[in-house]
Amino acid sequence: KQEVTQIPAALSVPEGENLVLNCSFTDSAIYNLQWFRQDPGKGLTSLLLIQSSQREQTSGRLNASLDKSSGRSTLYIAASQPGDSATYLCAVLKMNRDDKIIFGKGTRLHILP
Amino acid sequence: DAGITQSPRHKVTETGTPVTLRCHQTENHRYMYWYRQDPGHGLRLIHYSYGVKDTDKGEVSDGYSVSRSKTEDFLLTLESATSSQTSVYFCAISPKGNYGYTFGSGTRLTVV
């Protein structure tokens, strides 16, 4: 059974720092991996989708990498800002379309002004 | 969120009453999902649909039913609301089920 783990559960860093959020998964037979952001009281916003044939995706200050063989993904946030404060979730999808997306429990990020 | 809307955004209802939540999409995606999110439990799948009139149960389906008569609409019904169903409900869509998900803004339901 696929399990997705995100460590740490919570993280506080000063504004301006570069930071890395980690995601690990137990079954490397994934099709895609998706990173989401959730602000308090809000829905999930998709940040990046990495297909299994890719090793990384970039959007602005965000860069996500994928290493299927080691069962790991990282989300790199450059030059963090207070507006980056949110919970970040990673999720994995398998090849079979009827296999549901599996979420990690998230990392709650707080950027200190 | 562009392409997916949930209604209502907030609802307070009494125990024992039926409640229907609506998810509407304009993306023509085949797959639609209903989740609930509770502190300490994360996102849990209630029901999903892989086409018009094609639905299946998720991990927490008891007390819920769904219908999908059109591609764009996926309805979630709480047959007889209980306090344990107080939660935030999210709808999600995906074009292929394994490609990527887009979530709605959620419905905050309180059962009193």
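The values are calculated or read from the model by the stated rules, or taken from the named source; none is laboratory data. Only a predicted model underlies this, so the values are computations on that prediction, with no experimental measurement involved. Neighbour counts run over all protein chains shown; Cβ positions are idealised from the backbone, glycine included. For accessibility, only protein heavy atoms count, side chains too; no ligands or nucleic acids. Shrake-Rupley method; radii C 1.70, N 1.55, O 1.52, S 1.80 Å.
Find the eigenvalues of the gyration tensor of the Cα atoms of chain A, then list the square roots of 5 times those eigenvalues as equivalent ellipsoid semi-axes, largest first, in whole angstrom.
24, 14, 12
What are the extents of the Cα atoms of the stretch B:73-112 along their three principal axes, in Å, largest first?
Sorted largest first, the three principal extents are 38, 18, 15 Å.
For the stretch B:43-48, what does the Karplus curve 6.51 cos²θ - 1.76 cosθ + 1.60, with θ = phi - 60°, yield as ³J(HN,Hα) per residue in whole Hz, taken in order and with x for Gly and Pro?
Values per residue, Gly and Pro as x: 8, 10, 7, 9, 8, 9 Hz.
In nm, give the distance between the simple-model label positions of residue A:45 and residue B:20, each being 7 Å from the Cα along the Cα-to-Cβ direction.
3.3 nm
Using protein heavy atoms only (no ligands, DNA or RNA), what is the total accessible area buried between A and B, 1.4 Å probe, nearest 100 Å²?
For chain A against chain B, roughly 1700 Å² becomes buried.
Tally Lys/Arg at +1 and Asp/Glu at -1 over every other residue whose Cβ is under 14 Å from the Cβ of residue B:88; what's the total?
Around residue B:88, the charge tally is +4.
For the stretch B:82-112, list whatever residues lose no less than 10 Å² of accessible surface once every protein chain is in place, relative to that chain by itself, with the probe at 1.4 Å.
B:90, B:96, B:97, B:98, B:99, B:100, B:101, B:103, B:105, B:108
Quick one: net charge around residue A:110, please, counting Lys, Arg +1 and Asp, Glu -1 for every other residue with C-beta under 15 Å from its C-beta.
-2
Out of the total accessible area of the stretch A:1-86 (probe 1.4 Å, heavy atoms of protein only), what percent is carbon and sulfur?
Carbon with sulfur: 46 percent of the solvent-accessible area.
Under a 1.4 Å probe, what is the accessible area of chain A per residue, stated in Å²?
50 Å²
Just how far, in whole angstrom, is the stretch B:6-58 from the stretch A:61-78 if you go by their alpha carbon centroids?
The stretch A:61-78 and the stretch B:6-58 have Cα centres spaced 30 Å from each other.
Can you give me the % of accessible surface on the stretch B:1-110 that is carbon or sulfur? Probe 1.4 Å, all protein chains present, nothing else counted.
Reported share for carbon and sulfur atoms: 47 percent.
How large is the accessible surface per residue of chain B, computed with a 1.4 Å probe and reported in Å² as a whole number?
Dividing the accessible area of chain B by its residue count gives 46 Å².
If you build the Cα gyration tensor of the stretch A:47-113 and take the root of 5 times each eigenvalue, what three semi-axes come out, in whole angstrom, biggest first?
24, 14, 10
Pull out the extension gain between residue A:10 and residue A:26, defined as 0.36 nm times the separation in residues minus the alpha carbon to alpha carbon distance; nm, one decimal.
Once the chain is fully extended between residue A:10 and residue A:26, it gains 3.6 nm.
Contour minus end-to-end for residue A:17 and residue A:96, with contour as 0.36 nm per residue of separation and end-to-end as the Cα-Cα distance?
24.5 nm
In debye, nearest 20, what is the charge dipole magnitude of the stretch B:9-109 about its Cα centre with +1 on Lys and Arg Cβ and -1 on Asp and Glu Cβ, if you could check?
Dipole magnitude for the stretch B:9-109 comes out near 220 debye.
Mind putting together the pair-distance distribution for the protein assembly as shown? All Cα pairs, 10 Å bins, whole percent per bin, short to long.
8, 33, 34, 20, 5, 0
Within straight cross-link reach of residue A:94, meaning Cα distance under 21 Å, which lysines are found once same-chain residues fewer than 8 apart are removed?
A:1, A:68, A:105, B:57, B:96
Give the average, rounded to an integer, of partner chain Cβ atoms located within 10 angstrom of each Cβ in B:42-49.
3
What three numbers, in Å, describe the spread of the alpha carbons of chain B along their principal axes, ordered from the longest?
Per principal axis, max minus min of the Cα coordinates gives 37, 26, 24 Å.
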